[in-house]
Amino acid sequence: MVSSLKTAPVQSIRQLSNQAEVEQALRFFETNAAAITEEHIRICSIPATPFAEQQRAEYFAERFRQLGLSDVSIDEEGNCVGLFKGRSSSPLIIVSAHLDTVFAEGTDFTVRREGGRLLAPGIADDGCGLVALIAIVQALRSAQIQLEGSILFVGTVGEEGEGNLRGVRHLLTRGFWSKQKIDAFLSFDGPGVDRITHRALGSRRYRVELTGTGGHSWGDFGLPNPVHAIGRAISRLAAYPVPKDPRTTFNVGSIAGGTSVNAIPSSATMEVDLRSAGDNELRRLDAFFRRAMKEAADEENAARKPGNPPLKLHVEMIGERPSGETPAESPLVKLAIETTRLFGVEPRLDQSSTDSNLPISLGIPAITLGAGGTSGASHTLAEWYDPRERDKGLKRGLLVILGLVT
């Protein structure tokens, strides 16, 4: 399945951008800016909550067919795929964006306009990446560009939260395309033109549950309290001495438990995200976290009255994202750097957690790029996206793609 890019593109990216048909494709993003924004609104108006991306995937399948892609399908995991065939099946690259958002079922995905901005949950993460897939196919078609290699366009599921990269994981390790030789992987995730994410940020995510018998806050005082134990656990985790280098973070993202102010809960849960730029530090943080959870439960149980049953602790890993990197000196990263500078922007090499984590871990050269424009309030209901200068991000993305398959 895996192939590495052994040599840089023969012709420079500047020479490529000066070809007549490529210039025509690049102009498409400027002359069709309003239509691209309308497409963006249509995509983001379709609900795509965690593990419920089917409606948006079906929309993409229909659009891929309308745009003339081959082998269009929605795979067993829910990814939507479509093949842009070149003269050859090699090199074969994957260009992706993720269909899912972080928002729960019932969220209102209606897109609003305020001045030049678009506001909606997921409008930037990853609405602007998704519309980039459509716009790039349209630009290639409009200029009738003939490719040497082929491009597999993919809308992936499960990039966010507990999705645990399930879409790209299936695509590259279990699905039909896992049996093919993939030469490079590029994902669009969020806005911007300077960022080149070539290092994969590893993470581990857990759900912690403490259970007991529960009872009355007065009459049964002395029973171990799961919420108190969760509080002890959070206090221990918050005291972890995170290093400045490698950058390391932890987050308690949700807590739940209890039914009434005057009732000792029978259970309490929390979900925890651990991340580090260094594998060794992530392992140390993980070991500290597990130890802190046990100590918190033991401390709460030690305070109970004799004869009262102890709390039970259950720690479940709900996500693990691999780390790694596509080296900065690799042909793919050099190509992205050269292309970024072509637009007068100084590239910023970055580390993050994206769909590229998975191909990087498999040895496939992979990067994640911004799709142009600017945004703010990501992962909140106030999320916004400003499409001004979106064309720069789309032009950069198209030229990187053409540098790999022409």
Within the stretch 159-192, work out how many residues are small (Gly, Ala, Ser) and not in a helix (DSSP H, G or I). 5
Among the helices (runs of 4 or more DSSP H) lying completely within the stretch 8-70, list those that include at least 1 residues that are in contact (Cβ under 8 Å) with a residue 12 or more places away in the chain and of a type in the set (Val, Ile, Thr). 13-17, 20-31, 33-44
Taking the residues in the stretch 360-388 that are closer than 24 Å to LEU332 by Cβ and in contact with a Gly (Cβ under 6 Å, 6 or more places away or on another chain) as candidates, determine which candidate is surrounded by the fewest Cβ atoms within 10 Å (Cβ to Cβ). SER361
The one condition in (1) farther than 20 Å from ASP183 by Cα; (2) at pLDDT below 95; (3) in contact with a helix residue (DSSP H, G or I) (Cβ under 9 Å, 6 or more places away or on another chain) that GLN146 fails to fulfil: (1)
Would you say GLU325 is under 19 Å from ILE182 (Cβ atoms), in contact (Cβ under 8 Å) with a residue 24 or more places away in the chain, surrounded by fewer than 20 Cβ atoms within 10 Å (Cβ to Cβ) and in contact with a helix residue (DSSP H, G or I) (Cβ under 8 Å, 6 or more places away or on another chain)? yes
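Table: residues versus (1) under 26 Å from PRO327 (Cβ atoms); (2) assigned by TED's automatic domain parsing to the domain that holds ALA97; (3) under 15 Å from the mean Cα position of the chain (by Cα).
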residue: LEU171; (1), (2), (3): yes, yes, yes
residue: TRP177; (1), (2), (3): yes, yes, no
residue: ALA184; (1), (2), (3): yes, yes, no
residue: THR211; (1), (2), (3): no, no, no
residue: GLY215; (1), (2), (3): no, no, no
residue: PHE221; (1), (2), (3): no, no, no
residue: HIS228; (1), (2), (3): no, no, no
residue: ILE234; (1), (2), (3): no, no, no
Count, please, the residues in the stretch 272-302 that happen to be in contact with a Ser or Thr (Cβ under 8 Å, 6 or more places away or on another chain) and in a strand (DSSP E or B). 4
Can you find a residue in the stretch 251-259 that is part of a strand (DSSP E or B) and at positive phi? yes
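The values are calculated or read from the model by the stated rules, or taken from the named source; none is laboratory data. All values derive from a computational prediction rather than experimental measurement. Glycine gets a Cβ as well: all are built from the backbone with ideal geometry, and neighbour counts include every protein chain shown.
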